[in-house]
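Enquirer: Got a structure here, written out as structure tokens. Questions coming.
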Ligand code: NAD
């Protein structure tokens, strides 16, 4: 079997093995870290709107319980299978370790094409799936905390938290049973855009060192870099928006129905408005239509951000790619052997376990908010603002000068929840990148291997310091 057709979990484990070769942990410990601790397979009935009954397939994998709760999204997709769920759960373990999010890794899925079901049917599927997890103690604030993933969003998370709360009426921490909820239902400001914002921070960090850009023939800094983004969903849309705000030029955008290109740059908001209005990304004014969406991956650009699906860059198309930097917004968008080929070509790969970790980072903040029952910034915002005002008055008294109203407003304003969440996310992404860069330089490895070395090392440390039960 060609490596490009390896199942996703085997691909993840190939990266694991490559990194493990640099570590001197006992083989048994490495095997324990690598294995998926549990996988629960569910089959449950859905009563469709027309009265017929359909059997649904679902999974929940808990890859590593070295820390609890475990954490990972729920995917609704027509082709998902058990291997994919275990692979994605494994990626969650490493992602959490890399970003110092104190969770084990998990993932869930239902094999369903959401577009083919009514709203009421989707609600029944989501609630039944949550019920199935609840009855097996596979959901709860201290056990396993789902979140959105491909095909699910805040709406499904609201149904899940409502189901969990209905089944455990005396739990005061029920809100912490799932993250990615609407802000009005215990969500946290900044969560919806967190993964995309994190992708932007990852790219910004990757571009900011002249010595890293020079071998790619690029200048340092995101400004002016030509970027192609695949997928305009939760991750891709926000990533494209923040990259554009950060000075990148979005020259290409790809969706299911096709892709568009403009050397002068595409306005992401306007493209989304156009797609919402017409039902297609194609036909956007002054842009070139590309009928076969996948061809967008091969466009001339500096940066490619695959943010839709796994296995979109394979041995079949890898040699036609022209991007110098690839940031993995999606999980597993590059097959393991295509990844090696890109490294041989000198492409800078920013790996998924780092690049898209912004979502789980802010999910962690949401969970902390839910358990503390207090919005971030609520206690200190006013106090901080009046304290800032007193400092300004002191400066004015000493100097005899006056701040302008504008300068006064900016200097006194204290952070609310959204500012604090974004600050925590930026700090996490920058700190994690710095760790990867140090490992990369010390071990002379690519960023993905550095990321796995770091993640495995942190999980191993948890096992070694806490010991193995019993
Ligand atoms: P989503 O469902 O919100 O968006 C996916 C988008 O990709 C949709 O707009 C869809 O139409 C588009 N798409 C589907 N097939 C395509 C194709 N062939 N070509 C181009 N576009 C196509 O999903 P999402 O939450 O944005 O997740 C995307 C990826 O990011 C997944 O791999 C997911 O596991 C990963 N991820 C998501 C999060 C999160 O917080 N949502 C966090 C980490 C990683």
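The values are calculated or read from the model by the stated rules, or taken from the named source; none is laboratory data. Note that the structure is predicted; figures quoted are calculated from it, not measured. Using ideal geometry, Cβ is built from the backbone for each residue, glycine included, and neighbour counts are taken over all protein chains shown.
Enquirer: All but one of (1) buried (at least 24 other Cβ atoms within 10 Å of the Cβ); (2) within 13 Å of the ligand (Cβ to nearest atom); (3) within 26 Å of residue 182 (Cβ to Cβ) hold for residue 309; which doesn't?
Expert: All conditions are met except number (1).
Enquirer: While we're here: Taking residue 322 as meeting all but one of (1) in contact with a strand residue (DSSP E or B) (Cβ under 9 Å, 6 or more places away or on another chain); (2) assigned to a helix (DSSP H, G or I); (3) surrounded by fewer than 24 Cβ atoms within 10 Å (Cβ to Cβ), write down the number of the exception.
Expert: Only one criterion is unmet by residue 322, namely (2).
Enquirer: I'd like to know if region 209-228 contains one or more residues that are without any contact (Cβ under 8 Å) to a residue 60 or more places away in the chain and within 16 Å of the ligand (Cβ to nearest atom).
Expert: So far as region 209-228 goes, no, none of its residues is without any contact (Cβ under 8 Å) to a residue 60 or more places away in the chain and within 16 Å of the ligand (Cβ to nearest atom).
Enquirer: Select from region 274-309 the residues that are farther than 20 Å from residue 249 by Cβ and in contact with a helix residue (DSSP H, G or I) (Cβ under 6 Å, 6 or more places away or on another chain) and list them in ascending order.
Expert: Selection gives nothing.
Enquirer: Any residue that is closer than 30 Å to residue 302 by Cα, away from the ligand (no atom under 16 Å from the Cβ) and over 25 Å from the mean Cα position of the chain (by Cα) - is there at least one of those in region 387-403?
Expert: Filtering region 387-403 down to residues closer than 30 Å to residue 302 by Cα leaves none.
No, the conditions are met nowhere in region 387-403.
Enquirer: Additional query: Just checking, does region 73-86 include any residue being under 17 Å from the mean Cα position of the chain (by Cα), in contact (Cβ under 8 Å) with a residue 60 or more places away in the chain and within 23 Å of residue 173 (Cα to Cα)?
Expert: Yes, the conditions are met somewhere in region 73-86.
Enquirer: Among all residue pairs at least 6 apart or on different chains, which show Cβ distances below 7 Å where the first residue, located in region 6-19, is in contact (Cβ under 8 Å) with a residue 60 or more places away in the chain and the second is outside any helix (DSSP H, G or I)?
Expert: Sorted first by the residue in region 6-19, then by its partner, the pairs are 8/310; 8/332; 11/332; 11/335.
Enquirer: Follow-up. Of 30, 23, which residue is within 27 Å of residue 337 (Cα to Cα), more than 16 Å from the ligand (Cβ to nearest atom), in contact (Cβ under 8 Å) with a residue 12 or more places away in the chain and part of a loop (DSSP other than H, G, I, E, B)? Spell out the reasoning first.
Expert: On the way: 30 fails: part of a loop (DSSP other than H, G, I, E, B).
It is 23.
Enquirer: Condition test on residue 320, is it in contact with a helix residue (DSSP H, G or I) (Cβ under 6 Å, 6 or more places away or on another chain) and without any contact (Cβ under 8 Å) to a residue 60 or more places away in the chain? Break it down into steps so the answer makes sense when it comes.
Expert: Details: in contact with a helix residue (DSSP H, G or I) (Cβ under 6 Å, 6 or more places away or on another chain): yes; without any contact (Cβ under 8 Å) to a residue 60 or more places away in the chain: yes.
Against the criterion (in contact with a helix residue (DSSP H, G or I) (Cβ under 6 Å, 6 or more places away or on another chain) and without any contact (Cβ under 8 Å) to a residue 60 or more places away in the chain), residue 320 qualifies.
Enquirer: I've got another one for you. Please determine whether any residue of region 367-382 is within 16 Å of the ligand (Cβ to nearest atom), crowded, with 20+ Cβ neighbours inside 10 Å, within 24 Å of the chain's Cα centre (by Cα) and closer than 30 Å to residue 205 by Cα. Spell out the reasoning first.
Expert: From region 367-382, those within 16 Å of the ligand (Cβ to nearest atom) are 367; that's our starting set.
Those still in the list that are crowded, with 20+ Cβ neighbours inside 10 Å too: 367.
Within this subset, residues satisfying the condition of being within 24 Å of the chain's Cα centre (by Cα) are 367.
The next check asks that each one be closer than 30 Å to residue 205 by Cα; those that pass are 367.
Yes, because at least one residue in region 367-382 is within 16 Å of the ligand (Cβ to nearest atom), crowded, with 20+ Cβ neighbours inside 10 Å, within 24 Å of the chain's Cα centre (by Cα) and closer than 30 Å to residue 205 by Cα.
Enquirer: Take the residues in region 339-359 that are in contact (Cβ under 8 Å) with a residue 12 or more places away in the chain, in a helix (DSSP H, G or I) and surrounded by fewer than 22 Cβ atoms within 10 Å (Cβ to Cβ); name whichever of them is nearest to the ligand (Cβ to nearest atom).
Expert: 342
Enquirer: Can I ask one more? Using the structure shown, decide if residue 319 is more than 16 Å from the ligand (Cβ to nearest atom), more than 24 Å from the chain's Cα centre (by Cα) and at pLDDT 95 or above. Walk me through it before giving the result.
Expert: On the way: more than 16 Å from the ligand (Cβ to nearest atom): yes; more than 24 Å from the chain's Cα centre (by Cα): yes; at pLDDT 95 or above: yes.
When the stated conditions are applied, residue 319 passes them.
Enquirer: Name, by its number, the condition in (1) part of a helix (DSSP H, G or I); (2) touching a helix residue (DSSP H, G or I) at 6+ places or on another chain (Cβ under 8 Å); (3) more than 15 Å from the ligand (Cβ to nearest atom); (4) within 27 Å of residue 307 (Cα to Cα) that does not hold for residue 131.
Expert: (4)
Enquirer: Count, please, the residues in region 275-306 that happen to be crowded, with 19+ Cβ neighbours inside 10 Å, away from the ligand (no atom under 14 Å from the Cβ) and over 25 Å from residue 12 (Cα atoms).
Expert: Residues that pass the stated criteria total 4.
Enquirer: Please determine whether any residue of region 404-415 is surrounded by fewer than 18 Cβ atoms within 10 Å (Cβ to Cβ), in contact with a strand residue (DSSP E or B) (Cβ under 9 Å, 6 or more places away or on another chain) and part of a helix (DSSP H, G or I).
Expert: Residues of region 404-415 that are surrounded by fewer than 18 Cβ atoms within 10 Å (Cβ to Cβ), as a first pass: 404-415.
Those left that are additionally in contact with a strand residue (DSSP E or B) (Cβ under 9 Å, 6 or more places away or on another chain): none.
No - not one qualifying residue is present in region 404-415.
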